[in-house]
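One structure is given here, and the rest of the page talks about it.
The values are calculated or read from the model by the stated rules, or taken from the named source; none is laboratory data. Quick caveat: nothing in here was measured; it's all calculated off a predicted structure. Here Cβ is always computed from backbone atoms with ideal geometry, including for glycine, and neighbour counts include all displayed protein chains.
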Amino acid sequence: MNLEAIETLITNDIFDQMVQASSDRLKMNADFINSLNVFPVPDGDTGTNMSLSLESGAKYEADDASTEVGHLAASLAKGLLMGARGNSGVILSQIFRGFAKSVEGKTTLTAKDLADAIANGAKTAYKAVMKPTEGTILTVVRKAAEAGNEAVKNSENLAEIMQTIDVAANEALKTTTDLLPVLKEVGVVDSGGQGLVFVFDAFSDVLNGKDVSEYKHEPDEAEINEMVDAKHHQSVQGKINPEDIKYGYCTQMMVRLGKGLQVSKEFDYDTFYEYLAGLGDSLLVINDDEVVKVHVHTEHPGDVLAWGQQFGDITKIKIDNMRWQQEEIIEQDDTPVATPEKQEAPETAVIAISSGAGISKLFNSLGVTHIISGGQTMNPSTADIVAMINNSGAKQAIVLPNNKNIFLAAEQAVEVAEIPTKIIHSRTIAQGMAAMLEFNPEEALDDNAEAMEANLDTVKSGSVTIAVRDTTLDGREIHKDDYMGLVDGEIVNTASDLMDATIEMVNLMLEEDSEIVTVIYGKDANKEQADELRNAILDIDDDLEIEIHEGDQPVYPFLVSVE
């Protein structure tokens with residue numbers, strides 16, 4: 001790296017290094033960021049969301065062949081926008097949206113350009129949030145921007161300016177603990193702010209000529225399989241037609257480099273990668289000095305194996321026919337595959353984010369036309385929501401996020417969707433279902449949205465999950481592996497036994513005028529336990545009407561609503 005050059009100008013190559021290093025740094029620290037989430041629930045995913053969001057932005061930037069930093073920044077912002085997941089990912093996308101606007105048309109960046117861009121990123125992020133809260137990522141970016149603006153008054157050295165910005169971000173992060181009472185009680189810094197600090201750390205390291213190769217974590221075989229499974233899970237979650245799968249064979253192999261009788265080529269990563277990239281998509285190539293591991297979706301698995309054999313002998317071959325797998329999934333699902341030939345597009349597409357096949361079927365029975373799989377355990381990206389809206393074939397759409405952490409991504413999707421779209425601000429599955437009771441396909445979009453929004457508060461939402469760590473929250477001592485009852489997002493009770501925790505939570509939810517209790521049991525509960533819960537609730541009040549449904553949702557053994 002040319003240290004003299006980066007003292008005065010950020011070129012396209014240096015900007016690319018900054019972006020890729022920051023993406024690697026976030027990915028490397030995603031689990032640590034997740035651990036900072038205040039609630040000790042097993043779906044704390046700030047780090048995952050920020051990492052996936054920036055990974056999308058970094059890919060857009062890397063694929064842009066422009067030599068202008070302004071153009072590359074715009075690609076980064078576009079990729080972040082489309083890949084944004086969760087509120088933290090969306091705010092990060094807004095920071096770089098403002099950054100990109102500031103450097104529009106610039107071939108290279110000076111220290112002042114960089115400081116101005118970060119300042120505009122802070123300004124844009126604050127505008128994007130309806131009620132900005134201090135003690136969050138917003139505080140971190142604002143304080144960092146202020147430090148940068150002051151520093152450029154006395155210096156034009158890029159490395160010094162970025163280091164000043166980074167130090168200010170780290171100092172601001174420490175203050176988040178005292179700015180938000182809930183952070184202070186638990187004794188952690190803001191998770192989103194920590195994610196942004198890692199981004200600025202990487203920027204500073206690149207501009208100061210430090211080695212950032214250690215950021216690029218090479219996953220082991222178990223992690224590769226997990227990534228592969230995640231990619232495949234995402235590819236088959238929706239009700240896609242098997243014939244629409246472009247590359248039908250998920251092909252994996254491990255090559256022992258230089259071993260075997262068929263070796264005819266010396267391994268070069270770029271050459272190896274580029275050939276496989278021409279055979280399909282979802283390509284993953286990871287190597288060390290001895291082996292290279294490959295995952296790719298292709299129509300020609302034989303060509304993949306033949307290519308690998310030229311570099312060494314092949315072990316651990318795995319080939320899955322994804323079209324056949326999708327056919328199997330469709331056969332097991334009572335909901336038919338929607339195709340243009342068999343199902344007429346609705347006038348209004350009602351799109352719900354849902355986690356669990358049983359919950360998805362409940363939404364369908366209430367009039368939801370399209371399901372995006374996700375929610376607590378994997379927030380869908382802006383691009384996921386946009387794609388569902390635009391491909392619905394409808395003239396207008398309604399989106400039910402069913403999770404407050406999806407609100408900002410949904411709002412960004414509305415801005416770029418091709419058809420008029422309204423968001424119903426449902427924070428839970430129960431609220432989403434309550435909203436659907438007011439949906440009338442004959443009504444105008446605005447009228448439906450108003451009626452559905454007004455019905456959200458007619459239901460109380462309860463959920464039971466397991467604590468992933470010891471903590472103290474709202475004065476309540478919580479132990480790892482305790483079951484916690486949450487009502488409308490607040491922890492109201494804990495117990496070492498699942499049924500004890502659930503029964504106590506329901507008891508706390510009930511009021512004198514309560515009439516209906518709906519219980520949805522997930523993957524970590526069963527029908528017998530649901531029936532036991534029914535009997536316990538009737539013991540409390542035998543006038544209650546109780547509905548039991550199998551939801552198949554992960555993380556939460558029981559979801560309960562009271563009306």
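Every residue, every condition in (1) charged (D, E, K, R); (2) outside the structural domain of Val487 (by TED's automatic domain parsing); (3) in a loop (DSSP other than H, G, I, E, B), yes or no:
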residue: Ile371; (1), (2), (3): no, yes, no
residue: Asn379; (1), (2), (3): no, yes, yes
residue: Ile389; (1), (2), (3): no, yes, no
residue: Ile398; (1), (2), (3): no, yes, no
residue: Ala410; (1), (2), (3): no, yes, no
residue: Val414; (1), (2), (3): no, yes, no
residue: Lys422; (1), (2), (3): yes, yes, no
residue: Gln431; (1), (2), (3): no, yes, no
residue: Asn448; (1), (2), (3): no, yes, no
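Considering the stretch 316-351, and only residues there that are modelled with pLDDT under 80 and among the polar types (S, T, N, Q), the residue that is nearest to Glu290 (Cα to Cα) turns out to be Gln325. Kindly check whether there is at least one residue in the stretch 127-141 that is under 24 Å from Asp24 (Cβ atoms), more than 23 Å from the chain's Cα centre (by Cα) and buried (at least 23 other Cβ atoms within 10 Å of the Cβ). Checked against the condition, which is being under 24 Å from Asp24 (Cβ atoms), more than 23 Å from the chain's Cα centre (by Cα) and buried (at least 23 other Cβ atoms within 10 Å of the Cβ), the stretch 127-141 yields no hits at all. Within the stretch 31-51, being assigned to a helix (DSSP H, G or I) and either at pLDDT below 90 or within 18 Å of Pro554 (Cβ to Cβ) (or both) holds for Asp31, Phe32, Ile33, Asn34, Ser35, Thr46, Gly47, Thr48, Asn49. Looking at the stretch 309-324, which of its residues are assigned to a strand (DSSP E or B), surrounded by fewer than 17 Cβ atoms within 10 Å (Cβ to Cβ) and of a type outside the set (Val, Ile, Thr)? Asp313, Lys316, Lys318, Asp320, Asn321 - these are the residues of the stretch 309-324 that are assigned to a strand (DSSP E or B), surrounded by fewer than 17 Cβ atoms within 10 Å (Cβ to Cβ) and of a type outside the set (Val, Ile, Thr). Pull up the stretch 73-95, narrow it to residues that are of a type in the set (A, V, I, L, M, F, W, C) and either touching a Pro at 6+ places or on another chain (Cβ under 9 Å) or surrounded by fewer than 24 Cβ atoms within 10 Å (Cβ to Cβ) (or both), then point me to the one that is farthest from Asn402 (Cα to Cα). Ranking the qualifying residues of the stretch 73-95, first place goes to Ala74.
Regarding the stretch 483-500, can at least one residue be identified that is hydroxyl-bearing (Ser, Thr, Tyr), in contact with a Leu (Cβ under 7 Å, 6 or more places away or on another chain), outside the structural domain of Gly374 (by TED's automatic domain parsing) and at negative phi? Yes; the residues of the stretch 483-500 include at least one that is hydroxyl-bearing (Ser, Thr, Tyr), in contact with a Leu (Cβ under 7 Å, 6 or more places away or on another chain), outside the structural domain of Gly374 (by TED's automatic domain parsing) and at negative phi.
Are any of the residues in the stretch 154-163 surrounded by fewer than 21 Cβ atoms within 10 Å (Cβ to Cβ), within 25 Å of the chain's Cα centre (by Cα) and either assigned by TED's automatic domain parsing to the domain that holds Gly79 or at pLDDT below 95 (or both)?
no
Within the stretch 518-556, no residue satisfies the criterion of being within 24 Å of the chain's Cα centre (by Cα) and outside any loop (DSSP other than H, G, I, E, B).
Taken together, the residues in the stretch 245-264 that are surrounded by 14 or more Cβ atoms within 10 Å (Cβ to Cβ) and basic (Lys, Arg) amount to 2.
For the condition at pLDDT 90 or above and either surrounded by fewer than 24 Cβ atoms within 10 Å (Cβ to Cβ) or closer than 16 Å to Asp384 by Cα (or both), Gly70 qualifies.
Return yes or no: is Thr472 hydroxyl-bearing (Ser, Thr, Tyr) and crowded, with 19+ Cβ neighbours inside 10 Å?
So Thr472 does not fit the description; no.
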